[in-house]
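J.: Sharing a structure with you now.
Bear in mind that the values in this text are calculations on the coordinates, not laboratory data. Computed from a predicted structure; not experimentally measured. Virtual Cβ from ideal backbone geometry, glycine too; neighbours counted across all protein chains shown.
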Amino acid sequence: MKIIAFGASPSKNSINKKLATYAAHLFENGEVEVLDLNDFQMPIYSVDIEEEIGQHALAQAFLDKIATADIVVVSMAENNGNYSVAFKNIFDWCTRINAKVFQEKPMLLMATSPGAKGGASVLGIAKNAFPFYGGNIKETFSLPSFDANFDSVNGKISNAELDNQLKKLVDNF
């Protein structure tokens with residue numbers, strides 16, 4: 001079973017990438033590939049740029065990665081209550097090739113943040129929007145107060161209650 005995971009942030013130390021990586025490795029017998037949004041940097045999408053250069057090859061490469069997945073694990077970064085610009089740009093380029101970006105792949109949709117709401121705003125936006133773009137959301141999870149609830153040294157959730165909650169979601173997936 002192939003699992004594609006990514007944190008929807010370009011940060012080299014993305015807390016959302018750490019959460020997505022941890023969650024992806026909870027699936028039994030999963031072959032995990034973690035994507036880095038920095039590998040898909042493109043010019044800011046506009047119809048003028050698309051007219052000039054056509055569909056961007058990196059957008060197709062991102063879609064090709066999603067196509068290989070049996071499960072997609074995404075943890076959304078929240079920037080001012082919404083998607084990170086880096087993710088939104090990749091998403092916009094991809095929709096010009098295939099509006100069903102997530103290709104109906106079963107998805108574990110998550111978010112985390114340093115704050116107590118755990119990215120609740122962006123998680124709500126994504127949960128409502130992604131089904132229109134081929135997101136087959138099976139489960140959602142929010143990890144509040146990342147620094148207090150995640151052990152970055154060992155790469156896992158340190159809060160036993162929250163860890164068990166995520167593990168149950170994965171087991172029932």
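J.: From the list Asn80, Asn98, Asn136, which one is on the phi > 0 side of the Ramachandran plot and surrounded by fewer than 21 Cβ atoms within 10 Å (Cβ to Cβ)? Full working, then the answer.
T.: Values: Asn98 fails: on the phi > 0 side of the Ramachandran plot; Asn136 fails: on the phi > 0 side of the Ramachandran plot.
That would be Asn80, the only listed residue that is on the phi > 0 side of the Ramachandran plot and surrounded by fewer than 21 Cβ atoms within 10 Å (Cβ to Cβ).
J.: Something else about it: Within the range 37-63, can you find the residues that are more than 18 Å from the chain's Cα centre (by Cα), of a type outside the set (A, V, I, L, M) and assigned to a helix (DSSP H, G or I)?
T.: Result: Asp48, Glu50, Glu51, Glu52.
J.: Let me ask something else. Taking the conditions exactly as written (in a helix (DSSP H, G or I), of a type in the set (D, E, K, R) and within 11 Å of the chain's Cα centre (by Cα)), does Lys17 satisfy them or not? Before you say what the answer is, go through the steps one by one.
T.: Details: in a helix (DSSP H, G or I): yes; of a type in the set (D, E, K, R): yes; within 11 Å of the chain's Cα centre (by Cα): yes.
When the stated conditions are applied, Lys17 passes them.
J.: Can I ask one more? Taking the options Asn154, Asn89, Asn98, Asn159, name whichever one is more than 17 Å from the chain's Cα centre (by Cα), over 16 Å from Ala5 (Cβ atoms) and touching a residue at least 12 places away in the same chain (Cβ under 8 Å).
T.: On the way: Asn154 fails: touching a residue at least 12 places away in the same chain (Cβ under 8 Å); Asn89 fails: more than 17 Å from the chain's Cα centre (by Cα); Asn159 fails: touching a residue at least 12 places away in the same chain (Cβ under 8 Å).
Result: Asn98 is the single residue among Asn154, Asn89, Asn98, Asn159 that is more than 17 Å from the chain's Cα centre (by Cα), over 16 Å from Ala5 (Cβ atoms) and touching a residue at least 12 places away in the same chain (Cβ under 8 Å).
J.: Here is a further query. Please enumerate the residues belonging to the range 60-74 that are touching a Lys or Arg at 6+ places or on another chain (Cβ under 7 Å) and either within 12 Å of Val122 (Cα to Cα) or surrounded by 17 or more Cβ atoms within 10 Å (Cβ to Cβ) (or both). Break it down stepwise before answering.
T.: Going residue by residue through the range 60-74, those that are touching a Lys or Arg at 6+ places or on another chain (Cβ under 7 Å) are 66, 68-72.
Residues satisfying the conditions are Ile66, Ala69, Ile71, Val72.
J.: Any residue in the range 115-133 that's over 17 Å from Asp147 (Cβ atoms): show its pairings with residues that are surrounded by 20 or more Cβ atoms within 10 Å (Cβ to Cβ) and among the β-branched types (Val, Ile, Thr) at Cβ separation under 9 Å, as long as the two are six or more apart or on different chains.
T.: Listed by first residue and then by second, the contacts come to Ala126/Val74; Phe130/Val74; Phe130/Val101; Tyr133/Val101.
J.: Within the range 64-82, restricting attention to residues that are within 20 Å of Gln41 (Cβ to Cβ) and outside any loop (DSSP other than H, G, I, E, B), which residue is nearest to the chain's Cα centre (by Cα)? Spell out the reasoning first.
T.: Pass one, the range 64-82, residues within 20 Å of Gln41 (Cβ to Cβ): 64-66, 74-77, 79, 82.
Then drop every residue that is not outside any loop (DSSP other than H, G, I, E, B), which leaves 64-66, 74-76, 79, 82.
Details: Asp64: 15, Lys65: 13, Ile66: 11, Val74: 2, Ser75: 4, Met76: 5, Asn79: 14, Asn82: 13 Å.
Looking at the filtered set, the residue picked out is Val74.
J.: Report yes if Glu28 is acidic (Asp, Glu) and in contact (Cβ under 8 Å) with a residue 24 or more places away in the chain, otherwise no. Give the derivation first.
T.: On the way: acidic (Asp, Glu): yes; in contact (Cβ under 8 Å) with a residue 24 or more places away in the chain: no.
For Glu28, the condition - acidic (Asp, Glu) and in contact (Cβ under 8 Å) with a residue 24 or more places away in the chain - is not met.
J.: If you take the residues of the range 31-51 that are of a type in the set (A, V, I, L, M, F, W, C) and touching a residue at least 40 places away in the same chain (Cβ under 8 Å), which of them is nearest to Ile15 (Cα to Cα)? Explain how you work it out, then say what you get.
T.: Going residue by residue through the range 31-51, those that are of a type in the set (A, V, I, L, M, F, W, C) are 32, 34-35, 37, 40, 42, 44, 47, 49.
Retained after the next criterion (residues that are touching a residue at least 40 places away in the same chain (Cβ under 8 Å)): 37, 40, 42, 44.
Values: Leu37: 13, Phe40: 19, Met42: 22, Ile44: 24 Å.
This residue is Leu37.
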